[in-house]
Amino acid sequence: MPYPPPPRALPGPRRRTLLASAAGAALLAGCSAGPADPDGGTGGSPSLAQRARARAARDSEDLVARYDAVLAAHPAVERLVAPLRAEAVRHAEAFGGGASGPSSSPSATPPPSASASPSASVRAVPADQRDALTELAAAERTLADERAKALPGLPGELARLLASVAAAGAAHAFLLTEGAR
């Protein structure tokens, strides 16, 4: 008797693989969030490390502002978006930034005024929920790519942290893309 054909698999990484990668990245980010040397080690220029750390914190804070704007415009996506936003807050804190304000709590719903005065890099949120999630996914993907390109030349500990956060951002982009479907 012939074997039945294998089930048709969708191209690309499996959800389980991406979630495991995101969990691993979160563990790595948690383990390396507090280096003894604030510059991230002795390899590389301290000023380069400081600039990279400050930029990464700023980028994460801008991403938190994007999440806040989407949550303010589309409260129905809170179940999907709130945990990812909480991770972006942790990423900003790991780089030495701090998403301050009343909405910095991972479980807090952003205030209605969050969309009125977001960061300069945050554009208007699309009225369609799917479009808003798609734009948020694109922002995560773009930032993850930028962070991956910034790795060469960084000190070891900072490079590992940045790589972990970039991997988490790629996983966030995947989850947001799936949530938009």
Scope the range 137-150; condition crowded, with 20+ Cβ neighbours inside 10 Å and among the basic types (Lys, Arg); matching residues: Arg147
Selection within the range 64-86 - open to solvent by 10 Å² or more (accessible area, probe 1.4 Å) and either touching a Gly at 6+ places or on another chain (Cβ under 8 Å) or among the basic types (Lys, Arg) (or both): Arg66, Arg79, Leu80
Filtered residue count, the range 151-164, keeping only those that are part of a loop (DSSP other than H, G, I, E, B) and buried (at least 20 other Cβ atoms within 10 Å of the Cβ): 2
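The values are calculated or read from the model by the stated rules, or taken from the named source; none is laboratory data. These numbers come from a predicted model, not from an experiment. Quick reminder, even Gly has a Cβ in these numbers, built from the backbone with ideal geometry, and neighbours come from all protein chains shown. These accessible areas exclude ligands, DNA and RNA; they are computed on the full protein's heavy atoms, side chains included. Shrake-Rupley method; radii C 1.70, N 1.55, O 1.52, S 1.80 Å.
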